[in-house]
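Participant: First the structure, which I've put down as structure tokens, then a few questions once you've had a look.
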Amino acid sequence: MSQPTARPAAPILKPQHPHDAQAIEALLDRAFGPGRFTKVSERVREFAEPALELSVCAWAGERLVGVVRQWRVRVGGQPVVFLGPLAVDADQRGEGLGARLVSEAARAAETGGEAAVLLVGDAPFFSPLGFSAEAAREVVMPGPVDPTRVLAWLFRPVELKGPVRRL
Ligand SMILES: CC(C)(COP(=O)(O)OP(=O)(O)OC[C@H]1O[C@@H](n2cnc3c(N)ncnc32)[C@H](O)[C@@H]1OP(=O)(O)O)[C@@H](O)C(=O)NCCC(=O)NCCS
């Protein structure tokens, strides 16, 4: 009789460590390809302050299989967290890891006292997790963007109004 195949353990989530930078770059290159730096989010990341303690890495043993990075910026006068990029390695997709990474990153931001998380991404993926275009409708990104992709999750009733700027 054949033995049932054991399912591999779910990847472990950890805050980003400075030593993870090289593995993260390699994962993002695999996930996004060469178009990676043309996105409006990259314009934000050029002046945003990295928040390593709010960024989350997913590890399958020694291998980095997922990441979500977070940054600090302000919208008008309001400090907020900017989320992205988010990537999961192709062979790990469809198992809930992307959603786990985003939920963990948002939880870290909220428990860290941040007011809101802002991102540019696909609403069908991010809306069920807590984000909405309505909360971000007066946010001005530093470049052309489809407004239905600018999404925010407010942890308390703050107003996100005006340009995204350096903190
Ligand atoms: C997007 C990504 C992080 C999702 O990772 P994942 O681990 O597969 O996510 P989950 O398993 O939590 O969720 C998968 C579900 O989201 C859906 N989904 C994935 N990408 C989506 C998208 N861009 N828009 C809408 N739905 C999406 C899948 O169809 C799947 O739906 P199902 O559960 O009904 O089958 C991964 O596909 C990836 O790295 N893609 C390349 C990089 C990228 O596009 N990053 C996001 C930029 S907005």
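Here, each number is a calculation from the coordinates, and none is a lab measurement. Owing to the predicted nature of the structure, the values given are computational and were not obtained by experimental measurement. As a convention, Cβ positions derive from the backbone with ideal geometry for all residues, glycine included, and neighbour counts pool all protein chains shown.
Participant: Just checking, how many residues over region 82-91 are surrounded by 19 or more Cβ atoms within 10 Å (Cβ to Cβ) and either more than 9 Å from the ligand (Cβ to nearest atom) or part of a helix (DSSP H, G or I) (or both)?
Facilitator: Adding up the residues that qualify gives 2.
Participant: Let me confirm something: among GLN78, GLN16, GLN22, which residue is loosely packed, with under 14 Cβ neighbours inside 10 Å, away from the ligand (no atom under 13 Å from the Cβ), under 28 Å from LEU167 (Cβ atoms) and not hydrophobic (A, V, I, L, M, F, W, C)? If you could, list the steps in order and put the result at the bottom.
Facilitator: On the way: GLN78 fails: loosely packed, with under 14 Cβ neighbours inside 10 Å; GLN16 fails: loosely packed, with under 14 Cβ neighbours inside 10 Å.
Result of the check over GLN78, GLN16, GLN22: GLN22.
Participant: Give me the residue from region 25-61 that is touching a helix residue (DSSP H, G or I) at 6+ places or on another chain (Cβ under 9 Å), in contact (Cβ under 8 Å) with a residue 60 or more places away in the chain and of a type in the set (Lys, Arg) and, out of that set, nearest to ASP122 (Cα to Cα).
Facilitator: Filtering first and then ranking leaves LYS39.
Participant: Sticking with this structure for a sec: Which one of these is in contact with a helix residue (DSSP H, G or I) (Cβ under 8 Å, 6 or more places away or on another chain) and assigned to a loop (DSSP other than H, G, I, E, B): GLU114, GLU95? Walk me through how you get there before you give the answer.
Facilitator: On the way: GLU95 fails: in contact with a helix residue (DSSP H, G or I) (Cβ under 8 Å, 6 or more places away or on another chain).
That would be GLU114, the only listed residue that is in contact with a helix residue (DSSP H, G or I) (Cβ under 8 Å, 6 or more places away or on another chain) and assigned to a loop (DSSP other than H, G, I, E, B).
Participant: Ok, one more. Given VAL40, VAL88, VAL75, which one is among the β-branched types (Val, Ile, Thr), under 22 Å from ARG149 (Cα atoms) and under 13 Å from the mean Cα position of the chain (by Cα)? Outline the logic, then answer.
Facilitator: On the way: VAL40 fails: under 13 Å from the mean Cα position of the chain (by Cα); VAL75 fails: under 13 Å from the mean Cα position of the chain (by Cα).
That would be VAL88, the only listed residue that is among the β-branched types (Val, Ile, Thr), under 22 Å from ARG149 (Cα atoms) and under 13 Å from the mean Cα position of the chain (by Cα).
Participant: With the condition kept exactly as written, say whether any residue in region 145-154 is within 16 Å of the ligand (Cβ to nearest atom) and of a type in the set (Ser, Thr, Tyr).
Facilitator: So the first thing to find is which residues in region 145-154 are within 16 Å of the ligand (Cβ to nearest atom), and the list is 145-153.
Imposing the further condition that a residue be of a type in the set (Ser, Thr, Tyr) reduces the set to 148.
Yes, there is a match, as at least one residue in region 145-154 is within 16 Å of the ligand (Cβ to nearest atom) and of a type in the set (Ser, Thr, Tyr).
Participant: So, one more: Quick check on region 126-145: of everything there that is surrounded by fewer than 12 Cβ atoms within 10 Å (Cβ to Cβ) and under 25 Å from ALA99 (Cβ atoms), which residue is nearest to the chain's Cα centre (by Cα)?
Facilitator: PRO128
Participant: So which residues in region 98-125 are surrounded by fewer than 20 Cβ atoms within 10 Å (Cβ to Cβ), within 12 Å of the ligand (Cβ to nearest atom) and not small (Gly, Ala, Ser), if there are any at all?
Facilitator: ARG100, GLU104, ASP122, PRO124, PHE125
Participant: Among the residues of region 144-162, which ones are touching a residue at least 40 places away in the same chain (Cβ under 8 Å) and closer than 14 Å to PHE82 by Cβ? Show your work before the answer.
Facilitator: From region 144-162, those touching a residue at least 40 places away in the same chain (Cβ under 8 Å) are 144-145, 152-153, 155-156, 158-162; that's our starting set.
Scanning region 144-162 gives VAL145, ALA152, TRP153, LEU160.
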